[in-house]
Amino acid sequence: MSEPQPPAAPAPTEGASERAALDRKTRRAFQVLILQRGRNPGVKGWEMRRYLGKDYKKVLEVLSDDLKPLGLEVHQVPGPEGTDDSTRFLLRFRDAPTLAEAETAGFRIDDLAVLAASIALINSKQGRISRKELETFLKGKFPRWRIDYSVDRYVKRGYLDVDDKELMRIGWRTRAEVDERSLMTLILAQGTKGDK
Amino acid sequence: MPAEDRDRDKKLEDILRLIELCRTVQSSSVNPFEVDIREKLLVLKKYIPDWGLIDVMLKDSEAMQQLVAIVKLQSQWITHRASALYIDPLLLELKIQLISREELAESLAKCWHPIAQLDQLTARGLEKAFVYWRELVPFGERYKYQFGSFGQQTTTIGLEELESLSIFTKEEFETRLNAIAKELSEKSDGREIDYRGFINGKDPEETALRGYLVAFVVTEGRATIRTDPLTEQIFISTIQGEPGEETKSVAIVVR
């Protein structure tokens with residue numbers, strides 16, 4: 001008489017193995033996004049396809065959902081060509097920080113105000129304005145030294161962009177971090193709440 | 001100058017003016033529709049049979065290229081104006097001037113989603129740091145051409161040296177020392193007085209000299225100095241009788 005065999009482990013179902021593969025890809029996507037790769041943060045669409053396969057957008061959607069409890073999200077910034085390959089994907093805060101939190105990140109209220117005014121003005125002027133024009137406008141509200149310091153700092157950090165003709169434009173970081181449409185609306189709405 | 005040459009010069013001037021206009025529009029936020037493309041194209045078309053020189057023809061093609069850039073700008077202008085980001089600049093400028101800096105900052109903070117990323121040392125960064133360090137000029141050499149040599153290091157100067165430099169004589173020094181000790185005794189009247197106020201002279205030289213003399217008075221045990229740890233204010237008072245055993249040397253900067 002043969003000895004009784006121990007029960008065999010249940011074979012993984014197709015759904016479970018799919019889920020495991022998706023989990024693996026999600027983890028990989030997170031690692032790829034969180035690590036600094038080049039000078040600018042984020043990973044382009046073609047790189048994502050190489051790391052995660054052609055269904056990378058679905059993986060990134062899953063990751064974005066998974067990151068919700070941590071207050072993060074996967075955000076995509078359309079590239080200059082407007083193609084999927086040139087789109088840049090990056091991790092960013094899902095909720096906006098408070099003013100006090102922004103200050104702890106090294107931004108003074110005046111610095112933030114200069115950036116807000118610059119973004120709004122550049123957008124209202126068809127996305128480009130000469131540096132001189134911008135500085136002349138800001139001079140009416142901020143001290144001269146603050147303007148020079150802040151504008152240079154924001155150009156360096158990628159929030160503003162300046163070309164060789166000294167023409168200011170919105171920088172890649174603003175496109176990635178700031179909801180410009182909301183900013184314009186909020187600025188226009190400021191001061192009206194308390195109006196009697 | 002013959003009339004024909006004058007006419008050709010005028011036409012060339014028109015082309016150069018057109019190029020300049022297009023460049024100005026491109027390098028400012030002026031409405032690109034200010035340039036009448038149709039009119040300018042007709043001008044170029046009218047002039048083209050008159051050009052014989054290659055240089056002038058190149059200017060003509062440059063003007064054409066600039067007009068193309070303006071058409072591109074016009075297209076962007078329409079796209080932007082049709083988007084939700086368009087707001088009348090005058091209205092926005094007025095609004096920005098009216099609201100406070102805090103309100104502006106708050107508006108930005110409310111729609112700001114900072115990027116989350118780990119900063120780390122990359123191979124490129126390491127290489128950059130290495131090249132920077134390798135090419136960094138030694139500190140001693142760095143500002144040599146700007147400020148010259150650094151001169152002699154700061155050292156202490158003793159009474160003997162002052163005597164040898166004829167700044168003091170022994171008798172004069174003793175007289176001054178006694179005079180300042182007497183002045184301190186009179187001013188303090190047994191109480192503590194502000195050190196900086198006491199040594200303050202009519203000019204920096206006199207202040208330094210009084211500070212120097214007071215240092216001797218204190219060293220001889222005829223006065224004592226106390227620093228308030230909270231305000232960092234320095235007090236001086238005379239000592240009646242024998243000085244205490246707990247003495248220590250302190251350095252005070254005299255400005």
(message) One residue is enough: does region B:126-136 have a residue meeting the conditions away from chain A (no Cβ under 14 Å), at pLDDT 85 or above and under 29 Å from A:A105 (Cβ atoms)?
(response) yes
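Across region B:91-137, which residue is surrounded by the most Cβ atoms within 10 Å (Cβ to Cβ) among those that are over 30 Å from A:A189 (Cβ atoms) and of a type in the set (G, A, S)?
Within region B:91-137, the first condition is being over 30 Å from A:A189 (Cβ atoms), and the residues that meet it are B:117-137.
If we keep only those that are of a type in the set (G, A, S) as well, we get B:123, B:125, B:129.
Numbers: B:A123: 7, B:G125: 13, B:A129: 11.
Applying the filter and picking the extreme gives B:G125.
Touching a helix residue (DSSP H, G or I) at 6+ places or on another chain (Cβ under 8 Å), touching a residue at least 40 places away in the same chain (Cβ under 8 Å) and away from chain A (no Cβ under 11 Å): is that true of B:L41 in this structure?
Values: touching a helix residue (DSSP H, G or I) at 6+ places or on another chain (Cβ under 8 Å): yes; touching a residue at least 40 places away in the same chain (Cβ under 8 Å): no; away from chain A (no Cβ under 11 Å): yes.
Against the criterion (touching a helix residue (DSSP H, G or I) at 6+ places or on another chain (Cβ under 8 Å), touching a residue at least 40 places away in the same chain (Cβ under 8 Å) and away from chain A (no Cβ under 11 Å)), B:L41 does not qualify.
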(request) Could you list all residues from region B:83-102 that are at pLDDT 85 or above and either in the same structural domain as B:V30 (by TED's automatic domain parsing) or assigned to a loop (DSSP other than H, G, I, E, B) (or both)? (result) B:I99, B:S100
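This table checks each residue for (1) in contact with a helix residue (DSSP H, G or I) (Cβ under 6 Å, 6 or more places away or on another chain); (2) part of a helix (DSSP H, G or I); (3) more than 8 Å from every other protein chain (Cβ to nearest Cβ); (4) under 14 Å from B:E93 (Cβ atoms).
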{"site": "A:E103", "(1), (2), (3), (4)": "no, yes, yes, no"}
{"site": "A:A116", "(1), (2), (3), (4)": "yes, yes, no, yes"}
{"site": "A:A120", "(1), (2), (3), (4)": "yes, yes, no, yes"}
{"site": "A:K132", "(1), (2), (3), (4)": "no, yes, yes, no"}
{"site": "A:L138", "(1), (2), (3), (4)": "yes, yes, yes, yes"}
{"site": "A:K156", "(1), (2), (3), (4)": "no, yes, yes, no"}
{"site": "A:D164", "(1), (2), (3), (4)": "no, no, yes, no"}
{"site": "A:R181", "(1), (2), (3), (4)": "no, yes, no, no"}
(request) Scan region A:33-65 for residues that are within 14 Å of chain B (Cβ to nearest Cβ) and either surrounded by fewer than 20 Cβ atoms within 10 Å (Cβ to Cβ) or closer than 14 Å to B:H113 by Cβ (or both) and jot them down. (result) A:I34, A:L35, A:Q36, A:R37, A:G38, A:R39, A:N40, A:P41, A:G42, A:S64
(message) If A:V62 satisfies all but one of (1) closer than 29 Å to B:G125 by Cβ; (2) in a helix (DSSP H, G or I), what's the number of the condition it fails?
(response) (1)
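If I ask for residues that are among the hydroxyl-bearing types (S, T, Y) and surrounded by 15 or more Cβ atoms within 10 Å (Cβ to Cβ), which ones from region B:166-210 would you list? Step through it out loud before you land on a result.
Quick first cut of region B:166-210, residues among the hydroxyl-bearing types (S, T, Y) only: B:166, B:169, B:175, B:185, B:188, B:195, B:207.
Result: B:S185, B:S188, B:Y195, B:T207.
The values are calculated or read from the model by the stated rules, or taken from the named source; none is laboratory data. Values in this document were obtained by computation on a predicted structure and should not be read as measured data. In this analysis, Cβ positions are derived from the backbone assuming ideal geometry, glycine residues included, and neighbour counts consider all displayed protein chains.
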